[in-house]
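The values are calculated or read from the model by the stated rules, or taken from the named source; none is laboratory data. Owing to the predicted nature of the structure, the values given are computational and were not obtained by experimental measurement. Positions of Cβ are generated from backbone atoms using ideal geometry, with glycine treated the same way; all protein chains shown enter the neighbour counts. Surface areas here come from the heavy atoms of the whole protein model, side chains and all, with no ligands, DNA or RNA. Shrake-Rupley method; radii C 1.70, N 1.55, O 1.52, S 1.80 Å.
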Amino acid sequence: MTANTPGTRSRPFGAVLCDLDGVIRHYDHSEVTRLERAAGLPEGTTASVGFAPENDLPLLLGRITREEWADSIVKGLLPRVSPHEAEALAHAFSWAGFRADEAVVDLLRRVREHCPLVLVTNATSWLDDDLARLGLTGLAHSVVNSARVGVAKPDRRIYEIAAERAGVSPDRCLFVDDRQENVDAAVALGMTGVLHRGAADLRTALGGQDRQHRP
């Protein structure tokens with residue numbers, strides 16, 4: 001855990017701001033890996049293309065569609081593979097299945113009973129549909145989706161939007177994310193940051209919150 005100031009962990013948080021991907025949602029890229037091996041590509045090649053800033057950022061800011069994102073992946077994979085292989089990889093990657101970490105979801109359901117819970121996510125324009133598929137439409141009190149607000153982590157504006165949605169000042173926010181640069185940006189704004197590596201990290205961070213809010 002990364003605390004913003006000494007003693008921050010000793011006081012109750014006014015809100016919990018939580019990332020989605022890498023914390024709550026996890027993707028299954030096994031089919032992408034299979035196709036990469038069949039095409040003679042190193043594992044992770046498709047992800048490196050799909051998540052390259054020139055391809056990924058327009059998607060996360062809501063400026064391109066899923067189909068346009070897939071097209072950019074195809075172009076990035078050529079000429080290392082054939083057009084057919086590139087299209088198959090782009091489709092498998094852009095339509096990959098996913099699951100929720102139920103241990104994390106259970107922790108968040110409990111904490112939302114005591115304070116505002118806001119999802120702060122670099123996501124896509126179809127996020128609402130994804131949350132519905134996961135059965136998590138009502139998990140958070142509010143969702144700050146980069147594709148909807150037009151700004152993405154680690155830009156400080158998305159953290160400010162999230163704190164405003166939660167109705168508390170940044171220094172009363174606990175921020176949870178699986179990327180260090182996103183945590184660092186939250187801490188720089190005065191939040192308490194937690195670098196998430198598994199449910200145990202979240203459980204530790206929220207343990208004091210539960211105790212301090214119980215009657």
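None of Leu119, Leu41 is surrounded by 18 or more Cβ atoms within 10 Å (Cβ to Cβ), hydrophobic (A, V, I, L, M, F, W, C), modelled with pLDDT of 95 or more and not in a loop (DSSP other than H, G, I, E, B) except Leu119. Residues that are among the basic types (Lys, Arg) and modelled with pLDDT under 90 were ranked within the range 174-215; the one that is nearest to Val23 (Cα to Cα) is Arg211. Note on the range 41-74: among residues that are in contact with a Leu (Cβ under 9 Å, 6 or more places away or on another chain) and among the hydroxyl-bearing types (Ser, Thr, Tyr), the one that is farthest from Val151 (Cα to Cα) is Thr45.
Only residues that are in contact (Cβ under 8 Å) with a residue 40 or more places away in the chain and more than 19 Å from Ala205 (Cβ to Cβ) were counted in the range 145-168, giving 8.
Leu89 falls short on exactly one of the conditions (1) more than 27 Å from Met191 (Cα to Cα); (2) open to solvent by 70 Å² or more (accessible area, probe 1.4 Å); (3) in contact (Cβ under 8 Å) with a residue 12 or more places away in the chain, and that condition is (2).
Among the residues of the range 51-85, those identified as polar (S, T, N, Q) and part of a helix (DSSP H, G or I) are Asn55, Ser72. Across the range 162-181, the number of residues qualifying as assigned to a helix (DSSP H, G or I) and crowded, with 17+ Cβ neighbours inside 10 Å comes to 6. The residues listed here are Arg112, Arg66; of these, the one that is touching a strand residue (DSSP E or B) at 6+ places or on another chain (Cβ under 8 Å), open to solvent by 30 Å² or more (accessible area, probe 1.4 Å) and not acidic (Asp, Glu) is Arg112.
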